[in-house]
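Peer 1: Structure in structure tokens, see below.
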Amino acid sequence: MSKSSIDFRVYAFFCTFAAMKKLYISLSMAFAALTTANAQDQILAASQEIDTTASYNVAAFPIDTIDTEDKYTRIILFENHTWEFLELPRPQIEDEDFSDEWNTDKVHAWKGLSLDSIPDEIDLLLADSIHPYCAPLTGVVRSPYKWRKRRPHRGADLSLKVGTPIRAAFDGKVRVAMKTKQTGGYGNLIVIRHANGLETYYGHLSEHLVKENDLVRAGEVIGLGGNTGRSTGPHLHFETRFMGQAFDPERIFNFQTGELRDSIFTFKKHYLSIYSHYGMSDSESIEANKRKLHVIRSGDTLGALARKYGTTVNNICKLNGFSSKKTLRVGQQIIVR
Ligand SMILES: [Zn+2]
């Protein structure tokens with residue numbers, strides 16, 4: 001087995017290294033306390049159970065690792081004073097996936113794209129045995145993808161403590177690593193392009209730990225959570241976009257458990273409506289996609305708008321979550337259908 005082909009289970013094993021070290025210490029203590037051949041056999045069996053896939057130094061326990069200049073190569077030290085290189089899996093990405101609309105100085109790629117160029121429906125492979133995934137953060141979505149009072153909220157908000165590690169959702173390449181001043185409401189922002197045209201956005205960060213054009217692997221810490229930009233309290237604003245167009249990230253992740261809804265995501269164009277969200281049936285989503293906004297002009301009344309758009313005052317109030325006594329402001333956008 002070549003070093004570069006050490007499989008992903010070794011990587012997982014490596015990630016639990018600290019736990020392994022503790023286990024090793026307790027196993028050693030147990031070893032000292034027990035002297036029967038039977039007990040030794042049990043300990044050996046336990047150690048082999050932990051690491052059945054590693055092809056290196058099977059007789060020795062790893063005790064430490066040393067970073068090298070290449071972030072995907074580490075040196076692993078064993079208790080018998082030997083060492084070996086450990087090759088971590090590199091992102092499995094084709095360059096051509098990233099040539100389209102690759103702008104590192106614009107928050108949104110594919111700007112001005114006609115919706116006609118987006119397929120009505122397409123299957124996107126999110127993860128498989130060689131392409132892992134990782135929820136950027138787990139927790140309760142405190143504000144979902146929806147129309148929020150005066151403006152669309154095109155992501156899912158997850159509460160955090162400033163400094164919480166934020167992880168890349170999938171393997172990819174960093175397209176944007178911008179500071180608050182350049183991004184407007186997003187604060188410090190990272191955007192990662194993934195194979196298949198999907199992009200993930202990580203907003204309000206306190207710190208960036210990657211830069212533009214870096215390749216990143218799913219689960220890699222790309223920044224620290226914060227409260228920068230248009231934010232009322234520390235949280236992660238997480239967006240998912242296909243060809244630059246946002247859809248509800250809860251269609252992809254169950255943020256409470258950190259699991260993917262499915263390894264293949266069927267994107268549908270009607271998901272792009274701000275009124276279409278996870279949990280809706282297809283017909284509800286298609287209906288939501290037909291909703292219309294009206295910008296209030298001087299003299300508009302709810303009754304006149306209801307007549308104009310073939311609906312009722314009650315329906316308009318329900319869609320916007322206000323009462324029929326609501327005072328309309330000129331310039332305000334309301335949902336009329
Ligand atoms: Zn948000």
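Peer 1: On a C-alpha basis, how far is the centre of segment 155-211 from the centre of segment 297-329 in Å? Whole number, if you could?
Peer 2: 38
Peer 1: Going highest first, how would you order 203-213, 182-192 by mean Cβ packing within 10 Å? Please report the intermediate quantities before stating the final value.
Peer 2: Details: 203-213: 19.0, 182-192: 21.5.
Result, highest mean first: 182-192, 203-213.
Peer 1: A further question follows. Each residue of segment 98-111 in order: what ³J(HN,Hα) in whole Hz does its phi give by Karplus 6.51 cos²θ - 1.76 cosθ + 1.60, θ = phi - 60°, with x for Gly and Pro?
Peer 2: With coefficients 6.51, -1.76 and 1.60, one gets 10, 7, 6, 6, 7, 10, 8, 10, 10, 4, 10, 7, 6, 5 Hz.
Peer 1: Can you list the residues, at least 5 places off or on another chain, whose amide H is less than 5 Å from the amide H of residue 176, using H built in the peptide plane?
Peer 2: Amide H to amide H, under 5 Å and 5 or more residues apart or across chains, residue 176 pairs with 191.
Peer 1: Amide H of residue 126: which non-local residues (sequence gap of 5 or more, or other chain) have their own amide H closer than 5 Å, using H built in the peptide plane?
Peer 2: Under 5 Å from the amide H of residue 126 lie the amide H atoms of 264, 265, each far enough along the sequence or on another chain.
Peer 1: Can you pick out the pairs among 179/292; 149/326; 181/211 whose Cα atoms lie more than 23 Å from each other?
Peer 2: On the way: 179/292 34 Å; 149/326 13 Å; 181/211 16 Å.
With Cα atoms farther than 23 Å apart: 179/292.
Peer 1: What list of ³J(HN,Hα) values in whole Hz, one per residue of segment 191-196 in order, does the Karplus curve 6.51 cos²θ - 1.76 cosθ + 1.60 (θ = phi - 60°) give from phi, with Gly and Pro shown as x?
Peer 2: So the Karplus estimates, Gly and Pro as x, are 10, 10, 8, 10, 4, 6 Hz.
Here, each number is a calculation from the coordinates, and none is a lab measurement. Predicted, not measured: the structure shown is a model, and the values here were computed from it. Counting neighbours? That spans all protein chains shown, and the Cβs are built from the backbone with ideal geometry, glycine included.
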